[in-house]
Structures are given as structure tokens and as C-alpha cells.
């Protein structure tokens, strides 16, 4: 990997980190959901700073070419992100369903109270 490419990749990763930190500061992106993205950025910075690291990973995993190791690591990271997002969506689905059920129960209670109040008004007349 040429030094020119390494510098460009380092700037891209740093720009991504800055954008992510800005989203966190604006509270557009929750901190707990951004930790996985920060981990991805750390891995990318390590790979840019130490390009031989990919060759070492390829050798350890008995992969012939380092680029294939990069694809494998990339697929693994994407699977982690997908799993993380699936867990988040599943939790949110349960929370939304529970909130909808609680809302329906509260509406029923309110209607019952309103009906009782109307009956008391009619009795007083």
C-alpha cells in the first residue's frame, strides 16, 4: 500500500470519526449504538497504520492473499453490525408493542371514567 493511499484512507477514517462524533453531540446518534462504529474505525485505523497486519491476519487464518483476508474481515464486521442492528430493532419492536398495549389500556380506563362522570352528571339533573 502506497503512502499516498494510506494518507487518503487515514483522512477518510478520521472524517468518518468526526462525522460520527458530531452526530453523537447533536444526539442524532446514541452513544451506545455508536460503539460498534467506533470499533470499526479503530480496526480501520490499525489496518491503515500497519498494512502488514492484514498479511499477518491472512497468514494466521491460512488465507493465501491478504485481500481475501480483508474481504473476510469486512464481511465479519458487516455481520456484527447487522446483528447489532437486528437486536436493536427487536428490542424496539417489543417496547413499541408494550407501549401500544399500555396506551390502549389507558384509553379504556379514561373512557370508563368519562362514562361514569357522565352518568353522575345525569343523575344530578
Exercise. What number of residues within the range 59-74 are surrounded by 10 or more Cβ atoms within 10 Å (Cβ to Cβ) and in a helix (DSSP H, G or I)?
Worked result: 10
For this session: State yes or no: is residue 33 under 16 Å from the mean Cα position of the chain (by Cα), under 30 Å from residue 88 (Cα atoms) and in a helix (DSSP H, G or I)?
Result: yes
For this session: Run residue 41 past the list (1) part of a helix (DSSP H, G or I); (2) out of contact with any helix residue (DSSP H, G or I) (no Cβ under 6 Å at 6 or more places or on another chain) and report the number of the one that doesn't hold.
Result: (2)
Problem set entry | The listed residue being out of contact with any strand residue (DSSP E or B) (no Cβ under 8 Å at 6 or more places or on another chain) and either touching a residue at least 24 places away in the same chain (Cβ under 8 Å) or on the phi > 0 side of the Ramachandran plot (or both), out of 50, 76, 16 | 16
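Taken together, the values in this text are just the output of simple stated rules run on the coordinates, not laboratory data. Here the structure is a predicted model, which means the values were calculated and not measured. Every residue, glycine among them, receives a Cβ derived from its backbone with ideal geometry; neighbour counts consider all protein chains shown.
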